[in-house]
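The values are calculated or read from the model by the stated rules, or taken from the named source; none is laboratory data. Because the structure is a prediction, the values reported are computed rather than measured. Cβ sites come from the backbone with ideal geometry, for glycine too, and all protein chains shown count toward neighbours. Note: areas computed on protein heavy atoms with side chains; ligands, DNA, RNA excluded. Shrake-Rupley method; radii C 1.70, N 1.55, O 1.52, S 1.80 Å.
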Amino acid sequence: MLLPVATSVTVVHRRKVFRAHSATLEEVERSDIELIVDAEVKELSGTRALEQATISIKGSDELRHIPCQRVVAALGFIANLGPLREWGVELHDNRHIVVDSAMRTNVSGIFAAGDITDYDGKVRLIAVGFGEVATAVNNAAVHLDPTAQLFPGHSTDEQQSPIPA
Ligand SMILES: Cc1cc2nc3c(=O)[nH]c(=O)nc-3n(C[C@H](O)[C@H](O)[C@H](O)COP(=O)(O)OP(=O)(O)OC[C@H]3O[C@@H](n4cnc5c(N)ncnc54)[C@H](O)[C@@H]3O)c2cc1C
């Protein structure tokens, strides 16, 4: 994504291998991106702004210095429920929020969707999360307004505006 806007792109990766779709990897390998693997950014330096990244490569005592103006740090993530733990919602394995088929938690008015939820047979994928959001939002709407319809209708059911003659 950065290639069309950057003068050059260098990827520094701490392992030799990447965990990604093989087609994406092939695309990167074919591109002008420089891949530095088994490596770590040791230092970022510059006077008023970033000018240089210092990189150490496993098995080499010499540090590599690369001129650079921007860094995108993709360092992984830590899943942490934080203050959610104090809301009284039922958790599973102390990591996931238990929901029913309407995405309700045990606390009235609190709904959940996506990777955070847990129920028997849960599959943590993007498509599942999208579906759960639609379920949660429509059930939350009925919770707020019990006269509302759970099923919102299809966008294709919308009345088309007449085409001007
Ligand atoms: C390496 C990897 C590869 C994957 N590949 C695929 C794939 O190919 N296809 C697929 O369908 N699924 C894939 N998944 C699963 C997919 O990424 C998830 O199912 C999806 O991202 C879940 O979306 P989400 O919005 O529920 O959660 P997330 O995408 O995790 O979003 C939750 C967001 O909440 C933020 N957050 C967390 N705590 C707080 C807080 N206390 N306050 C504010 N914000 C907070 C997080 O920073 C994050 O941005 C992959 C997952 C991983 C880890």
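Output the residues belonging to the range 115-124 that are open to solvent by 80 Å² or more (accessible area, probe 1.4 Å) and either within 11 Å of the ligand (Cβ to nearest atom) or touching a residue at least 60 places away in the same chain (Cβ under 8 Å) (or both).
Those that are open to solvent by 80 Å² or more (accessible area, probe 1.4 Å) and either within 11 Å of the ligand (Cβ to nearest atom) or touching a residue at least 60 places away in the same chain (Cβ under 8 Å) (or both): D115, R124.
Counting only residues that are modelled with pLDDT under 95 and part of a helix (DSSP H, G or I), how many does the range 130-159 have?
3
Against the conditions (1) closer than 30 Å to H13 by Cβ; (2) more than 14 Å from the ligand (Cβ to nearest atom); (3) surrounded by fewer than 12 Cβ atoms within 10 Å (Cβ to Cβ), where does R64 fall short? Just the number, please.
(3)
Among the numbered criteria (1) open to solvent by less than 50 Å² (accessible area, probe 1.4 Å); (2) within 16 Å of the ligand (Cβ to nearest atom); (3) of a type in the set (A, V, I, L, M); (4) modelled with pLDDT of 95 or more, which single criterion is violated by A127?
Result: A127 passes all but (1).
Check off (1) in contact with a Ser or Thr (Cβ under 9 Å, 6 or more places away or on another chain); (2) open to solvent by 50 Å² or more (accessible area, probe 1.4 Å); (3) within 16 Å of the ligand (Cβ to nearest atom) for V99 and give me the number that stays unchecked.
Result: V99 passes all but (2).
Any residue that is of a type outside the set (A, V, I, L, M, F, W, C) and touching a residue at least 40 places away in the same chain (Cβ under 8 Å) - is there at least one of those in the range 41-55?
No, because not a single residue in the range 41-55 is of a type outside the set (A, V, I, L, M, F, W, C) and touching a residue at least 40 places away in the same chain (Cβ under 8 Å).
Could you tell me which residue of the range 130-151 is farthest from G88 (Cα to Cα), considering only residues that are within 12 Å of the ligand (Cβ to nearest atom) and crowded, with 17+ Cβ neighbours inside 10 Å?
The selected residue is E132.
Checking A112 against (1) within 16 Å of the ligand (Cβ to nearest atom); (2) touching a His at 6+ places or on another chain (Cβ under 6 Å); (3) in contact (Cβ under 8 Å) with a residue 24 or more places away in the chain: exactly one of these is not met. Which one?
Condition (2) is where A112 drops out.
If I filter the range 77-96 down to residues being in a loop (DSSP other than H, G, I, E, B) and in contact with a Ser or Thr (Cβ under 7 Å, 6 or more places away or on another chain), which single residue comes out as farthest from Y119 (Cα to Cα)?
Taking the candidates together, the pick is V89.
I'd like to verify a number: residues in the range 17-59 that are part of a loop (DSSP other than H, G, I, E, B), at pLDDT 95 or above and open to solvent by less than 70 Å² (accessible area, probe 1.4 Å), how many?
Count: 7.
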